[in-house]
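Below: one structure, written as structure tokens.
Derivation of every value follows stated rules applied to the coordinates shown; laboratory data play no part. Bear in mind that the values here come from a model prediction, so they are computed numbers and not experimental data. Quick reminder, even Gly has a Cβ in these numbers, built from the backbone with ideal geometry, and neighbours come from all protein chains shown.
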Amino acid sequence: MPNDELGYLAGVFDGEGTFGIWSKGKNKTRQLRVAVDMSDGDIVLRFLTFFKTGAIYSRQPKDPKHKLMYSWRVTKKEKALDILRTMLPYLSKRRQLKFHEVANG
């Protein structure tokens, strides 16, 4: 039986989330990152609550007309891969293909 919360979060992630390999720091250490960035803090919190990993950040917009933005990020490779594997059946074909490229690359 499908998990409604997982299906919902995967749908949000499919539209608002990102994942891939990024370079970090002076040494350009490459790391896998999974992230969701949006102005709906309550939805971002649902990712942290459901997956029980990662961190939430907020940032003030430069333009006062814009909303406060929230980000949920997971940068530990194995945890990020586990999250992606968990959501994989619910993600679009494009995201599924990208997962296989990242996971095998």
#### Entry: the chain, dipole about Cα centre (Lys/Arg Cβ +1, Asp/Glu Cβ -1), debye to the nearest 20
680 debye
### Task
List the trypsin sites (Lys or Arg not before Pro) within the chain that fall in a DSSP loop (any state other than H, G, I, E or B) and whose Cβ has at most 13 other Cβ atoms within 10 Å.
LYS26, LYS28, LYS52, LYS62, LYS65, LYS67
## Note on the structure
Once the in-chain neighbours fewer than 8 apart are removed, the lysines whose Cα is under 29 Å from LYS77 read LYS24, LYS26, LYS28, LYS52, LYS93, LYS98
### Query
What percent do you get for the relative contact order of the chain when only Cα pairs under 8 Å and 6+ apart count?
26 percent
#### Entry: Counting all C-alpha pairs of the chain, share separated by more than 21 Å (%)
37 percent
